[in-house]
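To start, the structure under review is shown below, and the notes come after it.
Every read-out reported here was derived from the displayed coordinates using simple, explicitly stated rules and does not represent laboratory data. Because the structure is a prediction, the values reported are computed rather than measured. Because the Cβ atoms are built from the backbone with ideal geometry, glycine has one as well, and the counts that use them run over all protein chains shown.
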Amino acid sequence: MLSSLTARLLLIGLLLPLTTRAAANTTGSSTHPSAFVTLTHSEALARAKAENKPLLLFFDGHWSDDAQKLSRSTFTDPRLNKFLSEKNIALRVDVLRSPELTQRYRVTSVPQIVLIRADDVLVKRWFKYHSPGDLLDDLRELFPAGSLTDERARFKPDDIHARLEFSTKCLTVGAYAEALEELLWLYNTGIGSGQLEKRHKLRTLHVTTVIQRIHHLGTVFKPARDALHALADREEKNTLRSPDRRLPPTRLVHLLTTLQDTVRLLAVYEKLPPDSKSRALLKSYHDWEKVRHTASVNSTSTPSAVIRLQTEIGLPDSIP
């Protein structure tokens, strides 16, 4: 069912002449080159992914006074266009020709500027008219001047809070390798280091937060997925090598839960000495019903680890 905005746009399309594709990608001035690419949305998104740049979408309607002001003054500004060309892939969207994009990005008014990451995740929206200076300031705040390396050098190497914020900024601008580097530092050094946590008052920052961020990054960046599996391999080895330590099995539970590999968790449990602390910790894992269901889906027979758990924690014999 069409939204009210889409219905209005279709009606306007019957009454007003459609602009051509070339006209939709000009800024209304021949003296300043446009930052907007002459590509389809799919092509622009693919280019954004290939270049690891955000995609800026200008939803334009030529009947709107604010949209015309943006075209005449804001998007003719040479400083803004230079910034857009260097830091973004910019695409002008004619809402009359692209009602499916207005629905996809939930555009309910014109004009509207939508900034998304290369993985098509929303970063920010701008409504109505913005001067070139105001829009440039907002974009510069999202994409600071200088390289990420320069910004990274501004805070101390052991500043957990700064490195967590920096990883978020890297993720926002599509600097996935840098984001992964910061998250791995937080996992390996920042989190679980009592002195650092106490100094920066971040004892509430749990390792699950870092694992989940690495997992989210892994949806668009394969090295992050590989890193998560490598961490699970390492924590499994540490758990089996030192079964009376609590940190490795705790992290292993969080990692394998995030990876949805609870059958592997059962296999580790079975290998541990009966009276070890690691085994007791895994035994206390709170979601054994899910583990049992996963095991039943992945095996035609009940795994021995599940049978032992049924005996030790009193689960029913049948696996639904």
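Points worth noting:
- Positive-end residue of H130, P99, P78, charge dipole of the stretch 72-168 with Cβ unit charges: P99
- Around N88: net Lys/Arg minus Asp/Glu count, Cβ-Cβ under 10 Å: 0
- Placed amide H near V93: partners under 5 Å, 5+ positions off or other chain: F58, F59, D60
- Count Lys and Arg as plus one, Asp and Glu as minus one, and take only other residues whose Cβ is under 13 Å from that of S278; the net charge is then +4.
- Per-residue Karplus couplings for the stretch 237-245, computed as 6.51 cos²θ - 1.76 cosθ + 1.60 with θ equal to phi - 60°, are listed in order as 4, 5, 5, 6, 6, 10, x, 9, 8 Hz, Gly and Pro entered as x.
- Simple label model, 7 Å out from Cα along Cβ direction - L142 to N188, nm: 3.2
- Local electrostatic count at H216 - Lys and Arg +1, Asp and Glu -1, tallied over other residues with Cβ under 12 Å: +2
- Links that overshoot a 30 Å alpha carbon limit, given the list K156/K283; K169/K277; K222/K277; K156/K237; K49/K237; K82/K128: K156/K283; K169/K277; K222/K277; K156/K237; K49/K237
- Cα shape, the stretch 36-97, gyration tensor, a/c 1.5 rule: oblate
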